[in-house]
Each structure stands twice: as C-alpha cells, then as structure tokens.
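Enquirer: Below is a structure I'd like to ask you about.
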There are 2 protein chains.
Amino acid sequence: MGLADKVLQGDVRAAARLMRDIEDGTPVAVEALSNLYPHTGRAHVVGITGAPGVGKSTLVDTIISILRQRNMTVGVVAIDPSSPFTGGAILGDRVRMQKHGTDQGVFIRSLATRGCSGGLSKATISTVHVMDAMSKDIVLVETVGVGQAEIDITKVADTSVLVLTPGMGDAIQVMKAGILEAVDIFVINKADQDGAQGVKGELQAMLDMKNYLPGDWKPAIVLTEAINNQGAEELVEEILRHRQFLISSGGLEKRRRERARLELIEAIETTITNCVANEMVKDYVEKLVEDLVRRKTSPNSAALEIINRTIKQLTAHDG
Amino acid sequence: MGLADKVLQGDVRAAARLMRDIEDGTPVAVEALSNLYPHTGRAHVVGITGAPGVGKSTLVDTIISILRQRNMTVGVVAIDPSSPFTGGAILGDRVRMQKHGTDQGVFIRSLATRGCSGGLSKATISTVHVMDAMSKDIVLVETVGVGQAEIDITKVADTSVLVLTPGMGDAIQVMKAGILEAVDIFVINKADQDGAQGVKGELQAMLDMKNYLPGDWKPAIVLTEAINNQGAEELVEEILRHRQFLISSGGLEKRRRERARLELIEAIETTITNCVANEMVKDYVEKLVEDLVRRKTSPNSAALEIINRTIKQLTAHDG
C-alpha cells in the first residue's frame with residue numbers, strides 16, 4: 001500500500017512520515033501529494049497570525065479544545081520562524097503534544113520556516129493538504145509575523161485571523177495597506193490589560209472608513225483573554241460564521257480558484273527546476289553553460305533548448 | 001535596422017530605449033538582449049555597495065573621472081531602492097548627468113528596485129549586458145544595501161567593493177558571515193573623520209583570521225575622502241589590479257561560468273512564466289485551474305500538461 005493510501009486510511013505515522021518527506025522535498029512526497037490531492041478541499045483552513053508574544057499559541061490551544069467539544073477534528077500547522085537548528089519547532093511540538101497528544105482527533109505539526117522572503121513555504125501548503133486529506137474538519141495554520149505574514153497567509157487560509165494586544169495601538173496606525181483587506185477576524189488578546197477598548201475603537205474607526213458593499217464580509221473584532229479562557233468561544237463562532245459566509249456567498253470558490261492557480265504556477269517552476277538538476281540533463285546543462293561563457297548562445301535560446309529536452313524526457317517517463 | 005544593431009553601432013538613444021523596455025519587460029527587450037548577448041563579456045563589472053549615506057555616489061563620480069582620464073569608457077547602473085513613484089531614481093540621474101552628461105564615454109542609468117527580496121533584479125543584469133555590448137570598458141553597479149546586498153552583487157560583479165565609514169565599527173563586528181568572502185575591496189570613506197584607522201584595524205584583524213592559500217586574492221582596504229578627491233586613485237588602482245588578478249588566475253572565467261548558470265535558470269523560469277501568461281495558453285490554464293478546483297487533477301499533473309503544451313507552441317514558433 002502506498003504512502004497516500006495509508007494516510008487516507010488514517011495512518012498517523014504514515015502522515016507524519018509524509019510531512020517529513022515534504023519538508024525534505026523528496027520525490028516520494030511529490031508522488032504521494034499528487035495522489036492525495038483529489039481528496040482535499042474539504043477542510044476549512046484558518047490562518048492565525050500575529051507578532052511574537054501576543055499569545056497565539058495559548059489561543060490556538062483554546063480553539064482546539066472548543067472545536068473538539070463540538071466534535072470537529074482539528075489539524076494544526078505551526079510555523080516556527082526559528083532556525084531548524086535551534087530546535088524551537090520541535091520543542092513547541094512537544095509542549096503541545098502533552099495537552100492534545102492522546103487525542104486522535106487532533107494532529108499537530110510544526111514547520112521551521114525557510115527562505116528569505118518570509119512568505120509561506122510550499123511545505124506549508126502541502127502539509128495543509130495532508131491534514132485536509134486526513135479528513136480534519138478545521139486546519140489551523142499558526143504563523144508568527146508582522147506586516148507581510150497577514151497578507152501571505154491568505155494564500156493558504158480560507159479565514160484569516162490577526163491577533164493583536166492592547167499595547168499595539170501604534171502598530172495599527174502604521175498597518176500596511178493590504179492588511180485590512182486580508183484579515184477576516186481581528187482578535188485583541190490579553191483584553192484584561194489597559195487599552196483594549198482603545199485599540200478596538202481605533203480598529204473599528206479604520207474599518208468604518210472603508211466602503212463595504214451589501215454582501216461584503218465586514219471583519220469582526222473579538223476581545224479575548226486566552227489564558228483565562230475568555231472570548232475564545234466567540235472567536236470560534238466568528239470563524240464558523242465566516243466559513244458559512246464564504247460558502248453561501250461564493251467567496252470560498254473564488255479564493256480556492258486563486259490558490260489553485262498559484263499552486264499550478266509553483267508546480268510548473270518546481271518541475272522545471274527539478275529537471276534541470278536531474279542527472280540525465282545535467283551534462284547537457286553544463287554544455288550549454290560552456291556555450292554561454294563562450295557567447296555561442298544566449299540565455300533565452302539555451303533555456304528553450306533545455307525546456308525542449310526536459311519535456312521529451314518527461315513525456316518519455318510518462319509513456 | 002533592429003534595436004540590437006543600433007545599440008552595437010553606438011546609438012545612445014536606442015540603448016536608452018532598450019533599457020526602458022528591459023525595465024518594462026517587453027518582448028522586444030528579450031529579443032534584443034538575445035542578439036546582444038554574443039557581444040558581451042568584455043566589460044569589467046564593478047559592484048559598489050554600502051549603507052545609505054556612506055558617500056557612494058560621490059565616490060562613483062570620482063571613479064568615473066579617473067577612469068575617463070585614463071581613456072577608459074564607463075557605464076554606470078545606479079540601483080535606487082526608492083519606489084518608482086517617488087522619482088528618486090530619476091532625480092539621481094539628473095544630478096549626475098549634469099557632470100558627465102556631455103561626455104560620450106560615459107553612460108549612466110538609474111533603475112528603481114522591485115520585488116521583495118532585496119536581491120538584484122533581472123533588469124540589473126540585462127542593463128549591464130547592454131552597457132557591455134556598447135563596449136564600455138568598465139561598468140559600475142552602485143547599490144544601496146546592508147547585509148545581503150554585498151553578497152547579491154557578486155551575481156553580476158567581477159569586482160565587489162564595499163564602502164564603509166569610520167562610524168561603522170559596530171557594523172563590522174556583526175558583519176554577516178558571507179560578506180568577508182564576497183568583498184574584494186573594502187573602502188573606508190570619509191577617512192578624515194575620527195575612527196578611520198580603528199575601523200581599518202578591526203577589518204584587517206578579521207581578514208587576518210582567514211587562511212589564505214598562496215594565489216588567493218587578499219581583500220584590499222583603501223581609505224578615501226571622496227569629497228576631497230583623496231584615495232580614489234588608489235581605489236581605481238586596486239580595482240584594475242583585481243581585474244588583472246582575475247584574468248591571470250582564471251578566477252574571472254570561474255565567476256562568469258557561475259553567472260551564466262544563474263542566468264540560464266532564470267531564463268528558463270521566465271520562458272515558462274511568460275508562456276503560462278500567453279494568450280494562446282491562457283484558456284487552457286484556466287481549464288486546468290477549474291480541474292484543480294474540482295480536484296480532477298493535481299498541481300503536478302497539470303504542470304506537466306502545461307509544460308507539454310508550452311513546448312509544442314515554442315517549437316512551432318521556432319520552426
């Protein structure tokens with residue numbers, strides 16, 4: 001039985017192994033993901049973003065418990081910006097697993113971020129696909145970040161939640177233009193601290209300046225005290241209300257079409273890059289690099305030659 | 001006569017038009033660049049990097065004058081990190097053109113940077129190729145940046161110059177690991193200010209910690225006062241000495257092979273991306289996106305189909 005079939009049958013170890021393979025970028029992972037893809041698209045993906053220290057993890061833990069009480073299964077992808085060498089990602093995993101580790105309805109995976117742009121890695125999207133194929137009802141994607149992260153998360157999330165704290169009034173003032181549009185639900189966590197109502201007022205004022213058309217989703221603002229279990233029920237209600245809104249308005253379909261297009265373009269780039277690195281094409285690439293150094297060809301002509309050779313090889317493999 | 005031929009015949013207006021086309025990414029630019037490529041590889045490309053305010057522009061102006069006195073022709077690509085909308089790039093151009101604008105042996109072009117990663121844009125490399133094809137002996141690429149820029153510049157420059165000031169002792173302490181390896185010549189500008197010798201000492205100590213093999217280039221440290229015309233002659237001497245070193249050691253060939261490989265991979269990616277955006281493939285892409293949304297195919301299978309279709313089209317065009 002293949003890895004994908006095992007995952008579809010609920011084999012947790014197989015899922016964990018596939019997720020490791022995804023992070024390592026092995027060919028096995030590519031094949032398994034292709035096989036799992038037809039079984040995805042059912043989970044509702046919720047992005048939870050915020051600066052370090054706003055209390056995202058505690059909030060996520062509380063959300064897990066509430067969703068479980070409602071008999072929904074939950075996947076969590078926690079993106080840890082620490083280096084893979086510090087062990088931060090693994091430590092985070094362990095702490096959480098103590099709480100939900102024995103619950104078969106919860107699957108938690110931490111990923112260390114890579115790459116320069118701070119954007120979501122391909123591994124994140126693939127890991128979400130695996131949890132989706134495992135029939136998790138809700139997949140929570142937790143990312144640390146300020147600024148770009150709130151916008152990037154929309155590449156994978158159906159519902160985007162931004163977590164703020166009362167001390168962040170200034171941050172709202174200088175909020176990047178695209179963020180108000182990207183966030184579906186604002187959370188002001190640690191709402192027992194001074195200034196929570198002030199931050200809410202400022203946020204509300206900014207949202208009120210926008211012209212919403214009838215039928216538009218108007219972002220909700222929820223006050224929470226994750227550590228005291230306050231407000232999290234309301235947050236879950238808003239998440240589920242937004243899910244319902246997306247389904248009935250056709251917005252879900254639109255978001256997913258946009259994401260399918262992005263994934264397709266990434267898959268094309270990956271296919272080509274892998275082929276260029278492939279042993280069978282390597283000598284040919286080196287020959288063309290020599291020709292370039294000698295100015296016997298141009299990068300564009302050489303690119304066409306390689307694409308040509310690559311496709312012949314790919315088609316031969318397929319047939 | 002084609003745009004490329006005009007550039008090769010020294011038509012300055014044609015060169016300026018091509019550079020605009022390059023920034024706009026027009027198909028005309030792609031074709032002209034392919035035609036120019038066989039005529040490139042003769043210019044010596046010098047990257048000049050440094051934080052804002054270290055005096056790079058004044059230094060570059062002085063270098064231009066010294067090279068011109070030695071009867072060498074000069075191209076300058078100034079990369080301005082300001083938004084294309086602030087007009088920063090254009091303003092910088094104008095100020096410089098007042099000094100060298102009537103000199104036929106100097107060609108200056110400012111580019112506004114785009115993209116998130118702070119890396120060198122493809123437009124930078126292409127603009128350098130045009131100046132190279134215009135038979136400029138030396139092409140200076142001036143970039144603002146701290147940290148990554150010094151490393152990125154090696155993707156286009158034969159000789160990398162990093163400009164520091166006496167106030168930057170701390171910056172040297174926390175210098176990124178790859179920078180010492182990437183820089184060929186260190187300049188301490190504003191050397192009349194306190195602390196210049198201190199910075200030089202620190203830098204020398206860091207360089208001395210490295211194990212140089214016989215035949216390795218040991219980075220030079222030059223003290224300049226660009227505004228008083230001090231030290232710039234020595235800097236030009238070091239640049240020309242490094243050029244000679246690269247030629248005789250075979251290092252130039254090695255650097256250029258590495259760059260040819262990078263350009264080839266970029267050209268492959270661009271070719272594919274353009275094809276996906278192409279009108280003739282567009283409907284097909286949309287159909288596959290629909291199939292993805294309906295989970296009838298996977299991103300990888302769809303990618304193969306598009307690459308297949310694309311290559312057929314590219315080959316049809318060629319034949």
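Enquirer: Are any residues in the stretch A:15-60 closer than 17 Å to A:Thr165 by Cβ and either more than 17 Å from the chain's Cα centre (by Cα) or hydroxyl-bearing (Ser, Thr, Tyr) (or both), and if so, which ones?
Expert: Quick first cut of the stretch A:15-60, residues closer than 17 Å to A:Thr165 by Cβ only: A:48-60.
If the condition is that a residue be closer than 17 Å to A:Thr165 by Cβ and either more than 17 Å from the chain's Cα centre (by Cα) or hydroxyl-bearing (Ser, Thr, Tyr) (or both), then A:Thr49, A:Pro52, A:Gly53, A:Val54, A:Gly55, A:Ser57, A:Thr58, A:Leu59 are the ones that fit.
Enquirer: Let me ask another. Which count do you get for residues in the stretch A:186-201 that are in a helix (DSSP H, G or I) and among the acidic types (Asp, Glu)? Break it down into steps so the answer makes sense when it comes.
Expert: If we filter the stretch A:186-201 for residues that are in a helix (DSSP H, G or I), which is where we start, we get A:196-201.
Next, from what is left, pick out any that are among the acidic types (Asp, Glu): none.
The qualifying residues number 0.
Enquirer: Let me ask something else. How about the stretch A:1-72: which helices (runs of 4 or more DSSP H) wholly inside it have at least 1 residues that are open to solvent by less than 10 Å² (accessible area, probe 1.4 Å) and within 12 Å of A:Met131 (Cα to Cα)?
Expert: Numbers: elements: A:3-8, A:12-24, A:27-36, A:56-69.
In the stretch A:1-72, A:3-8, A:12-24, A:27-36 are the helices (runs of 4 or more DSSP H) which contain 1 or more residues that are open to solvent by less than 10 Å² (accessible area, probe 1.4 Å) and within 12 Å of A:Met131 (Cα to Cα).
Enquirer: Tell me whether the stretch A:76-90 contains one or more residues that are open to solvent by 10 Å² or more (accessible area, probe 1.4 Å) and modelled with pLDDT of 90 or more.
Expert: no
Enquirer: I'd like the full set of residues that are more than 38 Å from the chain's Cα centre (by Cα) and either open to solvent by 40 Å² or more (accessible area, probe 1.4 Å) or at the interface with chain A (Cβ under 7 Å from one of its Cβ atoms) (or both), limited to the stretch B:291-312.
Expert: Those that are more than 38 Å from the chain's Cα centre (by Cα) and either open to solvent by 40 Å² or more (accessible area, probe 1.4 Å) or at the interface with chain A (Cβ under 7 Å from one of its Cβ atoms) (or both): B:Leu292, B:Val293, B:Arg294, B:Arg295, B:Lys296, B:Ser298.
Enquirer: Here's another thing I want to ask about it. Looking at (1) in contact with a Gly (Cβ under 7 Å, 6 or more places away or on another chain); (2) open to solvent by 10 Å² or more (accessible area, probe 1.4 Å); (3) at pLDDT below 90, which is the only condition B:Lys136 fails?
Expert: Only one criterion in (1) in contact with a Gly (Cβ under 7 Å, 6 or more places away or on another chain); (2) open to solvent by 10 Å² or more (accessible area, probe 1.4 Å); (3) at pLDDT below 90 is unmet by B:Lys136, namely (3).
Enquirer: Would you confirm, using the coordinates I've provided, whether A:Arg13 is in contact (Cβ under 8 Å) with a residue 24 or more places away in the chain and either within 14 Å of chain B (Cβ to nearest Cβ) or not aromatic (Phe, Trp, Tyr) (or both)?
Expert: On the way: in contact (Cβ under 8 Å) with a residue 24 or more places away in the chain: no; either within 14 Å of chain B (Cβ to nearest Cβ) or not aromatic (Phe, Trp, Tyr) (or both): yes.
The answer is no for A:Arg13.
Enquirer: If you scan the stretch B:95-133, which residues turn out to be open to solvent by 70 Å² or more (accessible area, probe 1.4 Å), over 12 Å from the mean Cα position of the chain (by Cα) and modelled with pLDDT under 80? Explain how you work it out, then say what you get.
Expert: So the first thing to find is which residues in the stretch B:95-133 are open to solvent by 70 Å² or more (accessible area, probe 1.4 Å), and the list is B:95, B:97-99, B:102, B:104, B:114-116, B:122.
Restricting the remaining residues to those that are over 12 Å from the mean Cα position of the chain (by Cα) gives B:95, B:97-99, B:102, B:104, B:114-116.
Hits for the stretch B:95-133 are B:Val95, B:Met97, B:Gln98, B:Lys99, B:Thr102, B:Arg114, B:Gly115, B:Cys116.
Enquirer: I've got another one for you. Count, please, the residues in the stretch A:246-284 that happen to be open to solvent by less than 50 Å² (accessible area, probe 1.4 Å) and more than 7 Å from chain B (Cβ to nearest Cβ). Give the steps one after another, and end with the answer.
Expert: Keep residues of the stretch A:246-284 that are open to solvent by less than 50 Å² (accessible area, probe 1.4 Å), which gives A:246, A:250-252, A:256, A:259-260, A:263-264, A:267-268, A:270-272, A:275-276, A:281, A:284.
When the remaining residues are screened for being more than 7 Å from chain B (Cβ to nearest Cβ), the result is A:246, A:250-252, A:259, A:270, A:275, A:281, A:284.
Residues meeting the conditions: 9.
Enquirer: Now, a different point. Restricting the first residue to the stretch A:107-126 and requiring it to be of a type in the set (Val, Ile, Thr), which pairs with a second residue that is at pLDDT 90 or above and open to solvent by less than 60 Å² (accessible area, probe 1.4 Å) meet a Cβ separation below 8 Å and a spacing of at least six or different chains?
Expert: The qualifying pairs are A:Ile108/A:Gly75; A:Ile108/A:Val76; A:Thr124/A:Val77; A:Thr124/A:Val141.
Enquirer: Among the residues of the stretch A:201-235, write down those that are small (Gly, Ala, Ser), open to solvent by 50 Å² or more (accessible area, probe 1.4 Å) and closer than 27 Å to A:Lys254 by Cα. Give the derivation first.
Expert: The initial filter retains those residues of the stretch A:201-235 that are small (Gly, Ala, Ser), namely A:201, A:205, A:215, A:220, A:226, A:231-232.
Checking the rest, the ones that are also open to solvent by 50 Å² or more (accessible area, probe 1.4 Å) come to A:205, A:215.
Scanning the stretch A:201-235 gives a single hit, A:Gly215.
Enquirer: With touching a Pro at 6+ places or on another chain (Cβ under 9 Å) and of a type in the set (A, V, I, L, M) as the only criterion, which of B:Leu207, B:Leu235, B:Leu252 stands out? Steps first, please.
Expert: Values: B:Leu235 fails: touching a Pro at 6+ places or on another chain (Cβ under 9 Å); B:Leu252 fails: touching a Pro at 6+ places or on another chain (Cβ under 9 Å).
Just a single option satisfies the conditions, and that option is B:Leu207.
Enquirer: Here are B:Val281, B:Val289, B:Val236, B:Val276: which of them is assigned to a helix (DSSP H, G or I), under 30 Å from A:Ser126 (Cβ atoms) and at pLDDT 85 or above? Outline the logic, then answer.
Expert: Values: B:Val281 fails: at pLDDT 85 or above; B:Val236 fails: under 30 Å from A:Ser126 (Cβ atoms); B:Val276 fails: at pLDDT 85 or above.
The unique qualifying residue is B:Val289.
Enquirer: Continuing with the same structure: Name the pairs whose Cβ atoms lie under 6 Å apart, with the first residue in the stretch B:63-76 and of a type in the set (S, T, N, Q), the second buried (at least 19 other Cβ atoms within 10 Å of the Cβ), and 6 or more positions between them or separate chains?
Expert: B:Thr73/B:Lys136
Enquirer: Scanning for something in contact with a Leu (Cβ under 6 Å, 6 or more places away or on another chain) and either more than 27 Å from A:Arg261 (Cβ to Cβ) or hydrophobic (A, V, I, L, M, F, W, C) (or both), does the stretch B:280-289 turn up at least one residue? Steps first, please.
Expert: As a first pass, look at the stretch B:280-289 and keep what is in contact with a Leu (Cβ under 6 Å, 6 or more places away or on another chain): none.
No, that holds for no residue.
Enquirer: Select from the stretch A:16-55 the residues that are within 14 Å of chain B (Cβ to nearest Cβ) and of a type in the set (A, V, I, L, M, F, W, C) and list them in ascending order.
Expert: Across the stretch A:16-55, the qualifying residues are A:Ile22, A:Val28, A:Ala29, A:Val30, A:Ala32, A:Leu33, A:Leu36, A:Ala43.
Enquirer: Just one of the numbered conditions (1) open to solvent by 40 Å² or more (accessible area, probe 1.4 Å); (2) at pLDDT 90 or above; (3) closer than 30 Å to A:Met19 by Cα is not true of A:Gln193; which one?
Expert: Here A:Gln193 meets the rest and fails (3).
The values are calculated or read from the model by the stated rules, or taken from the named source; none is laboratory data. Source: prediction; values computed, not measured. FYI the Cβ positions are ideal-geometry reconstructions off the backbone, even for glycines, and counts take in every protein chain you see. What goes into the accessible areas is simple: the full protein's heavy atoms, side chains included, and nothing from ligands, DNA or RNA. Shrake-Rupley method; radii C 1.70, N 1.55, O 1.52, S 1.80 Å.
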